[in-house]
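Computed from the coordinates by the stated procedures, all read-outs in this text should not be read as laboratory data. No experiment lies behind these values; they were computed from the predicted model shown. Methodologically, a virtual Cβ is constructed for each residue, glycine included, from the backbone with ideal geometry; neighbour enumeration extends over all protein chains shown.
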Amino acid sequence: MSESISSGSTRSAGAPAWRPTMTIADHIIIDDEGRALTEPLREDIRLLGGLLGDMVREHSGDEVFDLVENARIAAFRIRRAEIDRDTLADMFADVDLSVAMPVIRAFCNFALLANLAEDIHRERRRALHVRAGDPPQDSTLAATYAKLADAGLTDAEVGQALADATVVPVITAHPTETRRRTVFEAQNRITELMRFRSRTELTPAEEAEVLEGLRRQILTLWQTALIRLERLNIKDEIRSGLRYYDAAFFEVVPKINTGVRAALRSAYPNAELDDDPMLRMGSWIGGDRDGNPFVTDEIVEMATTLAARTAIGHHLSELRLLAEELSMSSRLMSPDEAIYELGGVDREDPAADEPFRVALGKIRSRLVATAADMFGEEVMKASDLLEVDGAEPYSDAAALLADLDIVDASLRSTHDDIIADDRLLMLREAVRTFGFNLSGLDMRQNSDMHEEVVAELLAWAGVHPDYASLDEAERVEILTSELTARRPLTRPDAELSELATKELNIVRAAAKAVRTFGAESVPNYVISMCTSVSDMFEPMILLKEAGLIDIDAETGKLSSSVRIVPLFETIEDLQQGAETLLAALDIPLYRDLVDGQAGMQEVMLGYSDSNKDGGYMAANWALYRGELDLVEAAKKAGIRLRLFHGRGGTVGRGGGPSYDAILAQPPGAVQGSLRITEQGEIIAAKYAEPVVAERNLETLLAATIESSLLDVEGLGDESEDAYGNMDEIATLARSAYSKLVHETPGFVEYFTTSTPLSEIGALNIGSRPASRKQTEKISDLRAIPWVLSWTQSRVMLPGWYGTGSAFEQWVGDDEQRLDTLRRYYEKWPFFRTVMSNMAQVLAKSDMGLAHRYAQLVPDETLRDTVFGMIVDEHERTIDMYSKITGTDDLLSDNAALKRSVYNRFPYLEPLNLLQVELLRRFRAGDDEPRVRRGIQLTMNGLATALRNSG
């Protein structure tokens, strides 16, 4: 199969065509059985696509509809190699913007609808397996419980491994996730209609009603702007992150927590598992100021306050519904005395005929009083304030839970367990899980900023005039001395720089949140680009100034509810992370702080910058090696270690299936606790509605429990040899990657001109700048724009480049070495996951489309040089993948993605080609607002369709 690919309408006269010998379609194999299994999916896509087409024709006219339809047909013909890309590209050459914009919107909306169809198809397939009585599938909790049973674990082993077990997905912002609440609501309504249609035997009238409902919602989507006109700001991102609680988390998280606790206690009754929720939520939105100048004390206050209002609002709503449901009369049942005492009434009082309603009314009054106390009466509804009636506010969420426990015990005293185990159980679990703070807001800042601010504070206080000039030992000595001094470094009227004033105000806002909403409102302080002990101690100075670190007057020991979390990001930092941590723990002041936090030290691992620094394979191995070293360091120091995985959506930023990724961690790296970032369109894909959210959260818990209790590495006595071999392969991979990214003259120019990088900053996408500094250095570029740019241009470079060369060089002509890699693929989850994730990226890459973007590079020699290196490595990587795995099918182990790529990736063709066309116009000086908006829409549409763009 061959394909003629040239630069179409943008090519210069005589530009040579580039012809790959094979396309990615040749590496995605769909047999007859696969086609049969996906027929219901294709039917759903045809239905939704047809209804969308009707809306396009009716509301944008025949010209737009015809172009959409012709582009769709041409895209599939390109995949079948019946035509070349020039045919489709020529359709869009100099297309009028009045036509181009609705065409872009059509394909963007189709991506949304296709996502829904795929999610519903996965549900359908899972239901078929369950009804057929098949064994539970891997990554489900049912399968995990079966594996634990087969392992013959004792109650003591389970209790020890899962003591204080914690799994925390941390929601973070992302520049491609700019969809509005209205769009989400329409999507959810379409999902429910499609589920109803799929599961119900409909009469003709019901079928017509469902189709009419689908038309109505798709019309709403068609006439609703998918993205905002104004630049997304942090306040928008905060509100966007909170929408997932009402959409899914409030329903799903308590359900999962109660289910896991009940299942484990039933199987291991003597494991002494406590009531603490295993699954909690975290957030970076509003607290992550690394490279984001728009995070201020006002933003921190807004993020923590809105989160608390969301939590308490949920609890109030559930209390109202609960009071409506618990209508039991004392004339028909006899609850214990505690429920009357809680309600403040006598058993004989006629007003106490419905004692549960009375008690719940008192609880609700106290919670309304709590909200008024926290947020001010001016933000409360007048009807809610009427309920206060002198009620005493709750001191904390534990006090509310204690009252709800009384209601629970009273119901059970009258054998009403079935009622207690419904809404009341979920509310009690919600209070345990979300408290009054909803989620923990992490604070994050770059170590360079800490150094600058601390240097200014020390100079202002007369401690040292030039802290930055000191070596590491001198810095640690000064910082240690200051941290044990009870006096502050500053005072309220101190005249400080804008940066120092801002940073101090931010940590003071965090301290206010802790005082108001509880310690869990701001549980962690993450230090980006952490390379030393002084980097860890500098933010502690700021926390001390704000009162978040206290000093015991008698013992002189430090205490804090906020954990210090070093973030090791580059490959060198990962390699030295354990040494840095041990050096900090050797200092009594810091060891006392950790001991006071239950002996738990959290360390964050940076997937993004390590990848940008050294490439895919080198970064993945540096992370694995770094985790091994950290686990050993924790054992040596006698502390508990919790790893925080800074994974992005793409494989180049640590993405890929969460279950496989967690099982691929080295031995001892999980230990019942895990935190993991969830970003952008990944959040929408995983958590936009309850069914999908439950499945994805269940996956995180299943993998964490298995990694904590079972031997999942599988290498046995071969581990040391495997580690040594991977050291060599990673070194080769980094060298190949560096040769392109760091050593090729003009590479930065190629990158910035062949991708939409510059437009990410220019087109108001996201709330933060694309770079930490005003620079063109790759090292200063933020990881999201780096990955997003390569993803949009379909090169996907961060997810594979350098790996093929490394394998090829390491194997050489040695068949035994190739057999070694094949053995690793069969038995080592880490290696298998690295290969599988890379294959997913390769399946989404397209060198033909990448060639279109390459034509945007003005320097023809540079273009040919760099693109030639990329193409050669791409072919080499696919070839080595096939040799190691024994298959030419890149998606042989991922049926869901195979369906997606095969059935709907041709629909991405028009978005990519239109993006190139609009980029060409934009860079030629066409600053028409619709050109800008069109580029932004294509970015959003491609991110939606790829489902893990950054």
### Message
What's the ranking of 303-312, 549-558 by average number of surrounding C-beta atoms within 10 Å, highest first?
### Response
303-312, 549-558
### Query
What whole number of Å gives the distance from the Cα centroid of segment 501-520 to the Cα centroid of segment 579-646?
26
### Message
Given Cβ point charges of +1 (Lys, Arg) and -1 (Asp, Glu) and nothing else, what value in debye, to the nearest 20, does the dipole of the chain about its Cα centre take?
### Response
2140
### Task
Starting with the highest mean, order 131-137, 75-81 by the number of other Cβ atoms within 10 Å, averaged over the residues of each peptide.
75-81, 131-137
### Query
What percent do you get for the relative contact order of segment 346-446 when only Cα pairs under 8 Å and 6+ apart count?
23
### Query
In percent, what relative contact order does the chain have, based on Cα pairs under 8 Å that are 6 or more apart in sequence?
17
### Rel. contact order, % - alpha carbon contacts under 8 angstrom, at least six apart, segment 714-893
30
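Only bridges whose two residues both fall in segment 442-646 count here: according to DSSP, what percent of them are antiparallel, nearest 5? Before the final figure, lay out each step's value.
Working: 2 of 19 bridges.
Counting DSSP beta bridges with both partners in segment 442-646, the antiparallel share is about 10 percent.
Multiply the residue gap between ALA402 and ASN505 by 0.36 nm, knock off their C-alpha separation, and tell me the result in nm, one decimal place.
Gain on stretching ALA402 to ASN505: 33.5 nm.
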## Note on the structure
Between ALA81 and GLU192, the FRET efficiency computed from the C-beta separation at R0 = 45 Å comes out, to the nearest 0.05, as 0.70
### Task
Would you calculate the separation in nanometres between label points at ASP879 and ALA598, each defined as 7 Å from the Cα along the Cα-to-beta-carbon direction?
5.3
### Task
Consider the candidate values [x] 0.97; [y] 1.11; [z] 1.03; state which one is Cα Rg over 2.2 N^0.38 Å computed from the structure displayed.
[x]
### Task
Work out, step by step, the length gained on full extension between PHE375 and LYS739: first 0.36 nm times the residue separation, then minus their alpha carbon distance; give nm to one decimal.
125.4 nm
### Task
Sum up the charges of everything whose Cβ sits under 11 Å from the Cβ of ALA513, counting Lys and Arg as +1 and Asp and Glu as -1, but leave ALA513 out.
0
### Task
With a ≥ b ≥ c taken as the square roots of the eigenvalues of the C-alpha gyration tensor of segment 145-282, please select rounded if a/c is under 1.5 and otherwise prolate if a/b is larger than b/c or oblate if it is not?
oblate
### Query
If you bin every alpha carbon distance in segment 442-646 into 5 Å steps from zero, what whole percent lands in each bin?
1, 7, 16, 19, 20, 17, 11, 6, 2, 1, 0
### Message
Sorting check: for 233-242, 526-535, which peptide has the highest mean count of neighbouring beta carbons within 10 Å, and how do the rest follow?
### Response
526-535, 233-242
### Task
At 37 °C and 0.692 mPa s, grab the translational diffusion coefficient of segment 265-415 from Stokes-Einstein with a Kirkwood Rh over Cα pairs, rounded to a whole number in µm² per second.
182
### Summary
Taking placed amide H atoms and a strict 5 Å upper bound, the residues 5 or more places from LEU279 or on another chain that come that close are VAL167
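Counting DSSP beta bridges with both partners in the chain, what percentage is antiparallel, nearest 5?
10
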### Message
Along the Cα→Cβ direction, 7 angstrom out, place labels at ASP422 and ARG124. What is the inter-label distance in nm?
### Response
3.3
### Message
Test of understanding: what is the full-extension gain from ALA142 to ILE551, defined as 0.36 nm times their sequence separation minus their Cα-Cα distance?
### Response
142.5 nm
#### Entry: Simple spin-label estimate for ASP150 and SER481 in nanometres, 7 Å along Cα-Cβ
6.2
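Given R₀ = 22 Å, FRET efficiency for ASP721-GLU632 by Cβ-Cβ distance, to 0.05?
On the way: r = 18 Å, r/R0 = 0.83.
It comes out at approximately 0.75.
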### Query
Straight-line reach from LYS898: which lysines have Cα under 26 Å away, leaving out those fewer than 8 places along the same chain?
LYS686, LYS827, LYS844, LYS883
### Query
Based on the Cβ-Cβ distance of GLU157 and ASP349, what FRET efficiency does E = 1/(1 + (r/R0)^6) give at R0 = 60 Å, to the nearest 0.05?
0.70
